[in-house]
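Report on the following structure.
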Amino acid sequence: GENVEQHPSTLSVQEGDSAVIKCTYSDSASNYFPWYKQELGKGPQLIIDIRSNVGEKKDQRIAVTLNKTAKHFSLHITETQPEDSAVYFCAASIGGTSYGKLTFGQGTILTVHP
Amino acid sequence: NAGVMQNPRHLVRRRGQEARLRCSPMKGHSHVYWYRQLPEEGLKFMVYLQKENIIDESGMPKERFSAEFPKEGPSILRIQQVVRGDSAAYFCASSLNTDRMNTEAFFGQGTRLTVV
């Protein structure tokens, strides 16, 4: 089955700096790659996603890049703010009948210091 | 945004009791997924259901766990004879899948099960 590896496990940055989180996946059939933000005591919140027919997608301060050949994708957060502090999860899905069956990475604890 | 609703938010059960977790999908969504999150770990897929059908239960433990999504009412994840190792956060997600496209999954706030 699919396996998703995520790095780093923790990331600490100063407010205003950029943060980058990287993930690799194993199954070349995967074609959907969402990123979720999870705050303490809450459920995962979808922040951005990318499908395999594009290489990059941007939404304000957040961007995701996908390299299908190398089977890795990354989340980029620019101009970080303290409220960006949370656990971030990457995930992969083969899609087909559903994009809801996801294989998650282990998570990255992002801390943004004021 | 009347999102995915899960209840209860917190559930305490003694070893050997049954736990019932409920999930109401977003309005218009007919696909439900259950995930389990152990402390400080990522989410693990358990089961995928449509109304009255289990589509994929490849992540469900073979014993004591069952799930349903009846024609009327919420989806239910049932854990019989709970053990301490069942203590975790259980998340439900829903999506709107059509014949023409798949859509992203939205998660509920989770049910935190503690077995004492």
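Report the longest stretch of chain B that contains none of the trypsin sites (Lys or Arg not before Pro) sitting in a DSSP loop with at most 15 other Cβ atoms within 10 Å.
My reading of the result: B:72-99 is the longest stretch.
What list of ³J(HN,Hα) values in whole Hz, one per residue of segment B:48-56 in order, does the Karplus curve 6.51 cos²θ - 1.76 cosθ + 1.60 (θ = phi - 60°) give from phi, with Gly and Pro shown as x?
Result, ordered by residue: 10, 10, 10, 3, 6, 9, 9, 8, 8 Hz.
What is the calculated FRET efficiency for A:R61 to B:H10, with r their C-beta to C-beta distance and R₀ = 25 Å, to the nearest 0.05?
0.15
Could you calculate the FRET efficiency of B:S30 with A:K71 from 1/(1 + (r/R0)^6), where r is the beta carbon distance between them and R0 is 30 Å, rounded to 0.05?
So, using R0 = 30 Å, E works out to roughly 0.40.
Express the C-alpha Rg of the protein assembly as shown as a ratio against the empirical globular expectation 2.2 N^0.38 Å, rounded to two decimals.
Computed over Cα atoms of the protein assembly as shown, the ratio equals 1.01.
Given a cut-off of 30 Å, name the pairs among A:K68/A:K101; A:K71/B:K27; A:K71/B:K71; A:K37/B:K27; A:K71/B:K44; A:K101/B:K62 whose C-alpha atoms lie farther apart than that in the structure shown. Provide the component values of the computation, followed by the final result.
Numbers: A:K68/A:K101 20 Å; A:K71/B:K27 35 Å; A:K71/B:K71 40 Å; A:K37/B:K27 22 Å; A:K71/B:K44 21 Å; A:K101/B:K62 19 Å.
Correct reply: A:K71/B:K27; A:K71/B:K71.
Would you mind computing Rg(Cα) / (2.2 N^0.38 Å) for segment A:1-86, counting N as its residues?
For segment A:1-86, the normalised Cα radius of gyration comes out at 1.10.
What spacing in nm lies between the two simple spin-label points modelled at B:L38 and A:S26, each 7 Å away from Cα in the Cβ direction?
If labels sit at B:L38 and A:S26, their model points lie 1.7 nm apart.
None of the figures in this text is laboratory data; all of them are computed from the coordinates on show. Here the structure is a predicted model, which is why all the values come from computation and not from measurement. Methodologically, a virtual Cβ is constructed for each residue, glycine included, from the backbone with ideal geometry; neighbour enumeration extends over all protein chains shown.
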